[in-house]
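In what follows, a structure is listed as structure tokens, so that the remarks can point back to it.
The values are calculated or read from the model by the stated rules, or taken from the named source; none is laboratory data. Note that the structure is predicted; figures quoted are calculated from it, not measured. Quick reminder, even Gly has a Cβ in these numbers, built from the backbone with ideal geometry, and neighbours come from all protein chains shown. These area figures cover heavy atoms from the full protein model, side chains too; ligands, DNA and RNA do not enter into them. Shrake-Rupley method; radii C 1.70, N 1.55, O 1.52, S 1.80 Å.
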Amino acid sequence: MARLIAITDIHGEYEKLCYLLEEINPTLKDTIIFMGDYIDRGAKSKEVVDKVISMKNICNCEYLIGSHEYALLHSDSDEYYKWLFWNYGGDATARSYGSYENIFKIHGDFFNSLKAYYLTDKYLFVHAGIRTGIPLGEQNLVDMVYMRSEFYDKKHNLPQKIIFGHTEFESPQIWEDKICIDTGCGKFKNHPLTAFISENDKEYFLQSPNVA
Ligand SMILES: [Mn+2]
């Protein structure tokens, strides 16, 4: 049975990611969609990126861009994103890699390869959301990684259910047409990392144990 598995907003919390992946125990037929925000805040951003890359040897993997990777990729060329990066946990990422420059030396190719979204017959996976009424191919990447209530407070008009993160809630949030699985990992010490799993016609969640 092939499973579609979504994980988002890991934020350097390597142990929580490892616990969750062990619980999921992915196999060759499974696909994991990593929906961005691998880095910042938690202590082990580099280890998190190494781990998600290594999962390619175990199952199918899709890698999406999050708001923190967007800020990182623009931190060199744009004052606003430089400010965002350094004020929202980028110092922890630079420490994890040894220096700011090392982030690009070690994982620059990975960060530059991240996709905006992943689409299947049933689901659209995206970091933060989409702007209703605009075709998928014409969406603005900044919207897709930064949108909040403007997206999730409205119904969208896609046939797919949208699985997203970016805005943290106490528990997974389920709407008729969308599900948010950011449960605050990395932002709050005792909050879990959550995975959304779609298997046959079942949808369910798995969470990392409550490790600090
Ligand atoms: Mn995030």
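Looking at the range 113-141 only, could you name the residues that are closer than 21 Å to residue 173 by Cα, open to solvent by less than 60 Å² (accessible area, probe 1.4 Å) and either away from the ligand (no atom under 16 Å from the Cβ) or out of contact with any helix residue (DSSP H, G or I) (no Cβ under 6 Å at 6 or more places or on another chain) (or both)? If the condition is that a residue be closer than 21 Å to residue 173 by Cα, open to solvent by less than 60 Å² (accessible area, probe 1.4 Å) and either away from the ligand (no atom under 16 Å from the Cβ) or out of contact with any helix residue (DSSP H, G or I) (no Cβ under 6 Å at 6 or more places or on another chain) (or both), then 118, 120, 123, 124, 125, 130, 132 are the ones that fit. Only residues that are of a type in the set (Val, Ile, Thr) and touching a residue at least 60 places away in the same chain (Cβ under 8 Å) were counted in the range 47-66, giving 2. If you scan the range 1-21, which residues turn out to be more than 16 Å from the ligand (Cβ to nearest atom) and part of a strand (DSSP E or B)? 3, 4, 5, listed by residue number. Taking the conditions exactly as written (out of contact with any Leu (no Cβ under 9 Å at 6 or more places or on another chain) and within 20 Å of residue 21 (Cβ to Cβ)), does residue 186 satisfy them or not? Spelling it out, it is not the case that residue 186 is out of contact with any Leu (no Cβ under 9 Å at 6 or more places or on another chain) and within 20 Å of residue 21 (Cβ to Cβ).
Tell me whether the range 92-102 contains one or more residues that are closer than 28 Å to residue 5 by Cβ, within 16 Å of the ligand (Cβ to nearest atom) and open to solvent by 70 Å² or more (accessible area, probe 1.4 Å). No, the range 92-102 contains no residue that is closer than 28 Å to residue 5 by Cβ, within 16 Å of the ligand (Cβ to nearest atom) and open to solvent by 70 Å² or more (accessible area, probe 1.4 Å). Taking the numbered list (1) free of Cβ contacts under 8 Å to residues at least 12 places away in the same chain; (2) within 19 Å of residue 36 (Cα to Cα) in turn, residue 135 passes all entries but (2).
Going through the range 22-49 one residue at a time, which ones are open to solvent by 10 Å² or more (accessible area, probe 1.4 Å), touching a helix residue (DSSP H, G or I) at 6+ places or on another chain (Cβ under 8 Å) and away from the ligand (no atom under 15 Å from the Cβ)? 26, 43, 44, 46, 47 - these are the residues of the range 22-49 that are open to solvent by 10 Å² or more (accessible area, probe 1.4 Å), touching a helix residue (DSSP H, G or I) at 6+ places or on another chain (Cβ under 8 Å) and away from the ligand (no atom under 15 Å from the Cβ). Within the range 145-155, the set of residues being open to solvent by 20 Å² or more (accessible area, probe 1.4 Å) and either of a type in the set (Ser, Thr, Tyr) or closer than 12 Å to residue 124 by Cβ (or both) comprises 146, 149, 152. Scanning the range 130-148 for residues that are outside any loop (DSSP other than H, G, I, E, B) and of a type in the set (D, E, K, R) gives 138, 143. Of all residues in the range 55-70, exactly one satisfies the criterion of being open to solvent by less than 30 Å² (accessible area, probe 1.4 Å), away from the ligand (no atom under 12 Å from the Cβ) and in a loop (DSSP other than H, G, I, E, B), namely 59.
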